[in-house]
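Engineer: Structure in structure tokens, see below.
The values are calculated or read from the model by the stated rules, or taken from the named source; none is laboratory data. In this text, all values refer to a predicted model and were calculated from it rather than measured experimentally. Every residue, glycine as well, gets a Cβ built from its backbone with ideal geometry; the counts of neighbours run over all protein chains shown. For the accessible areas, the whole protein counts, side chains as well, though only heavy atoms, and no ligand, DNA or RNA atoms are used. Shrake-Rupley method; radii C 1.70, N 1.55, O 1.52, S 1.80 Å.
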Amino acid sequence: MLPIFAFAGMIAMVLARFIGAGIVILISIFGLGTLLIHDAISSTPMAQLKRMTRNSSIPDVTFEDFSIGRTFSDGTSYMWIARCSPIKANRLSKAIGMKPISPADHPDEPTTQDPEHQAMQAWQMIFHQDIEGMNFYLGDQGMIGGYSSEEQRFYLFWWPSIHRDNPG
């Protein structure tokens with residue numbers, strides 16, 4: 001970043017000689033303010049969800065938690081916890097492009113006493129929640145989700161390697 005800042009500083013010095021330091025300072029303050037406002041708006045949980053899903057028609061929900069996780073080789077992961085009614089949860093899952101899943105969706109997997117879909121197991125490891133009473137959803141671009149109608153919370157997680165490891 002140092003070469004970029006040095007170059008921008010040199011340009012600012014040249015412009016200051018031609019049009020005045022006050023004007024250059026005002027333009028710089030306006031430009032930095034615009035960048036800060038844009039960054040604040042585009043980093044909200046809703047903006048991040050719209051960017052990840054490439055869908056701007058996501059219903060308005062209240063986000064209780066949002067975090068961006070870093071990994072070494074698998075890319076960035078995103079986690080949202082949204083409070084919403086069952087009707088909004090259904091609309092949200094459709095807008096994101098997620099389909100309901102259940103343990104019975106994969107009959108070719110070995111059956112145990114408590115069969116679970118791989119995405120459900122991944123979801124449980126991520127959120128450390130019990131899967132009892134949860135409705136699970138799987139997107140085709142690395143999104144998994146679980147909705148608890150009792151808590152009225154939708155737990156969403158996006159991670160590119162989930163899609164690679166769990167093709168559906």
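Engineer: Taking the range 129-148 only, how many residues are open to solvent by 60 Å² or more (accessible area, probe 1.4 Å) and either part of a strand (DSSP E or B) or of a type in the set (Ser, Thr, Tyr) (or both)?
Structural biologist: Count: 1.
Engineer: Where the second residue is aromatic (Phe, Trp, Tyr) and open to solvent by 30 Å² or more (accessible area, probe 1.4 Å) and the first is without any contact (Cβ under 8 Å) to a residue 40 or more places away in the chain and under 16 Å from Trp159 (Cβ atoms) and lies in the range 121-149, which pairs have Cβ atoms under 6 Å and are six or more apart or on separate chains?
Structural biologist: Gly142/Trp158; Gly142/Trp159
Engineer: Further question: Restricting attention to the range 81-128, which residues are polar (S, T, N, Q), at pLDDT below 85 and surrounded by fewer than 16 Cβ atoms within 10 Å (Cβ to Cβ)?
Structural biologist: Ser102, Thr111, Thr112, Gln113, Gln121
Engineer: While we're here: Give me the residue from the range 59-74 that is at pLDDT 90 or above and β-branched (Val, Ile, Thr) and, out of that set, surrounded by the most Cβ atoms within 10 Å (Cβ to Cβ).
Structural biologist: Val61
Engineer: Here's something else I'd like to know. From the list Ser56, Ser77, Ser43, exactly one residue is under 15 Å from Tyr155 (Cα atoms), under 15 Å from the mean Cα position of the chain (by Cα) and at pLDDT below 90. Which is it?
Structural biologist: On inspection, the qualifying residue turns out to be Ser77.
Engineer: Separate question: Out of the helices (runs of 4 or more DSSP H) lying entirely within the range 1-95, which hold 1 or more residues that are polar (S, T, N, Q)?
Structural biologist: 21-42, 45-53
Engineer: Can you tell me which condition Val24 does not meet? The list is (1) without any contact (Cβ under 8 Å) to a residue 40 or more places away in the chain; (2) within 30 Å of Gln152 (Cβ to Cβ), and all the others hold.
Structural biologist: Every condition holds for Val24 apart from (2).
Engineer: Okay, moving on. Quick one: which of Arg54, Arg17 is on the phi > 0 side of the Ramachandran plot and open to solvent by 80 Å² or more (accessible area, probe 1.4 Å)?
Structural biologist: Going through Arg54, Arg17 in turn, just one is on the phi > 0 side of the Ramachandran plot and open to solvent by 80 Å² or more (accessible area, probe 1.4 Å): Arg54.
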